[in-house]
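Notes to accompany the following structure.
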Amino acid sequence: QSDDSDKSSKESDSETEVEQVSGYHKLLATLKTSPESESEEEEDESESEEAEESEAEMDSEGSQETGEAEEGKEETNDVPEEEEGTTDTAEQMLSQEQADGTDASCDPRHGVIEEFTDVKHESEFSLETNFMEEESGDCNADKRDSNPFKQHMDKELEEKEIEKMSTLPKTSSQSQWPRLGQVVFSSTLEKQKTFKADKEVDVKQLHLHKPLESTWPKVNKQFLSAADKPTDCSFTPLQRELFCIMNSYRDLFYPERNALTNGEEIRHAYCLHALNHVLKANAQVLSNNARRRDRKPGTDTDDHRDQGLTRPKVLMIVPFRECALRIVHIFISLLEVNDKKKIDVSNKKRFKGEYGSDPEEKPPNLKRPEDYEAIFAGNIDDHFRIGVAILQKSMRLYAPFYSSDIIIASPLGIRTVIGAEGEKKRDFDFLSSIEILIIDQADIYLMQNWEHVLHLMKHINLLPLDSHGVDFSRVRMLNLNNWSKYYRQTLLFSALQDPQINSVFNKHCFNYVGQVAIRNVPLTGSISHVVVQLPHVFRRLEADSVTSVIDGRFQFFIDKVLPEYRDAIMSHTLIYVPSYFDYVRLRNYFKKEDLNFTHICEYTKKAAVCRARRFFLKGEKQFLLFTERFHFYKRYTIKGIRNLIFYELPTYSHFYSEICNMLKATDSGVDATWTCTVLYSKYDAQKLAAVVGIDRTAQMLQSKKNVHLFVTGEN
């Protein structure tokens, strides 16, 4: 794997690279570069960075990066050096637990030889051979008519309803909620009834499975402030409204997740919902096991249909191992009633070793924005998957997928199991009966490889190719009818609105109850955070379709924009390119035209990055091609910029102000000579609104003229 990754890294920046990159290379784009390939260039890196440090124009960042190179850290293609998180509560909690078993930890940072699955505890966690313990849960909970779990899973759809959902468009309605803002409900089967957020939530009325009623208030206490009402002591205002939607089993798209502010409270809310669902589903199976055991011979057992075709019920997609660590920690906290009643967790020691992070491996003091520190805290390996089985008072980590209730994985981790058509070793049957799909931090997958997410959505809730030992007399009719996708709830959390994320929610979510999307529009935009005095020129390009805009932008750039910057007086021009494929196309064109330029992308080696930055700062290279993914994973300050060109609006709106504010790092040059040019089309409405605000966006889309904005740092 590492050899292929290294090969991909070299090929991606080669002279002869073709503009159309294959799907295979897209997959390799998220794999790690081998440490051996990095060590070959360490000497060159140190020399380059020492030279950079000696330049008078460089500040202390240069010396920090020199130290980074001398450390000889392993570098990845699209994952930066590990940063120590501000909160290590998940790891600390696990380290306090008594480790069971003597398994040596198989640390991925030192190379995982073989994927581990726990086969030792198979019978203990089998749903087929265990029975409900009277004290462990409310055996009658599944009988309550108002139980949302029962209401959702027991609803029997008819053929004509399925046909409606497959053919008819959805009807939508809007509502204003106190905390979420503009909420859009959509459904095919029936017109949306008025659905309002509960102003107050009593935990006992949520039909939570024991022990969650008692543990949730304690686990969630850290997010509650004195301002929260005493009668609503267990949820924050945001959690209350989100959980209200989750507990109704509607699909949810929330595009305002923020790693710095609300990320953890959202994580706690969806963990509560997922765990509640699994405990109820398993309690139903165990109760029915007891009824089947005690039934009289010849009794009809068709009323005991309580399972899917495979056991996994919840799939949680998260970007890094640290996220999985925190999720498991929340599960453990929610299952432990008090300090005396600890739950038994299998393979904790191994899990802590593979998913925790070593504080000694953190890089030198690199100055990075707060949001970067929050996103890249802890173990940021992005290739993992782990099965979790939960049975009453015990949890089994590393359960085989077909014996798991919950699967936690990264897009790459799940992609490598699903495989591709034609591969001999591939498996996706375990996705056949997923009832809740949670995709957290979806925006990060745009920076990793969005194809993995699309590949997952194409393979979820399909009929399995093998029976996997299932008792068909216990399988729900909805699963046998291949209607699982109409019952699956999808919870999608992102930091931004994006057409690709919207597409997944609109085209791959079929929940019969309907969808809920939060659609707030930005009033000001990130341009208000630009602190340098800079004229912004927004140049509109015309395109007939979304597909034609790619070629249209390239032609517009080389015909209308680039000629204005070819003159030597327009030196120190940084061209910000969000799409890697656009970057390859531009780089090839610049080489063909023999322009004086340098380039930095996510695959560029450290030494080459340092050289490019130095050449650009000193004016030896007129242009710098700069990719968005490099900025996302590194967040270096590029010095020497006098002219900025945004080839396309940034995916993250705050990157716009960040890049513009890099101009203040340039000591030489007069402010009046600075320029900023932005290319946009009518298909960039969402990104444009996030940068300039909704009012300006409406004006700009109506006008076909170029728009000039001058930001003084106070607008």
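Quick note: the coordinates plus some simple rules give every number you see, no bench work behind them. Predicted model only: the values in this text are computed from it and were never measured. Cβ atoms come from the backbone with ideal geometry, glycine included; neighbour counts cover every protein chain shown.
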Here the relative contact order (percent) of region 561-715, from C-alpha pairs under 8 Å and at least 6 apart, is 24
By the mean-Cβ-within-10 Å protection proxy, highest first, 643-653, 693-703, 151-161 rank as 643-653, 693-703, 151-161
Label model pair Lys424, Asn706: point-to-point distance (7 angstrom along the Cα→beta-carbon line) in nm is 6.0
quick note, region 526-712, DSSP beta bridge pairs, % antiparallel (nearest 5) is 20
Computed about the Cα centre, the charge dipole of region 526-712 from +1 Lys/Arg and -1 Asp/Glu charges at the Cβ has a magnitude in debye, to the nearest 20, of 560
At the level of C-alpha centres, the distance separating region 317-333 and region 251-279, in angstrom, is 12
Charge dipole of region 526-712 built from unit charges on the beta carbon (Lys, Arg +1; Asp, Glu -1), centred at mean Cα; most positive-end Cα among Phe556, Phe646, Ala698 is Phe646
Semi-axes a, b, c in Å (a largest) for region 525-571, each sqrt of 5 times a Cα gyration tensor eigenvalue, come to 24, 19, 7
Violations at 31 Å Cα threshold for listed pairs Lys196/Lys341; Lys155/Lys218; Lys507/Lys606; Lys634/Lys687; Lys170/Lys196 -> Lys196/Lys341; Lys155/Lys218; Lys507/Lys606
On the formula 1/(1 + (r/R0)^6), with r taken between the Cβ atoms of His468 and Asn147 and R0 of 41 Å, the FRET efficiency rounded to 0.05 is 0.90
Rounded to the nearest whole number, the per residue volume of the convex hull around the C-alpha atoms of region 526-712 in Å³ is 112
Taking alpha-carbon centroids only, region 569-613 lies from region 359-427 a number of Å equal to 33
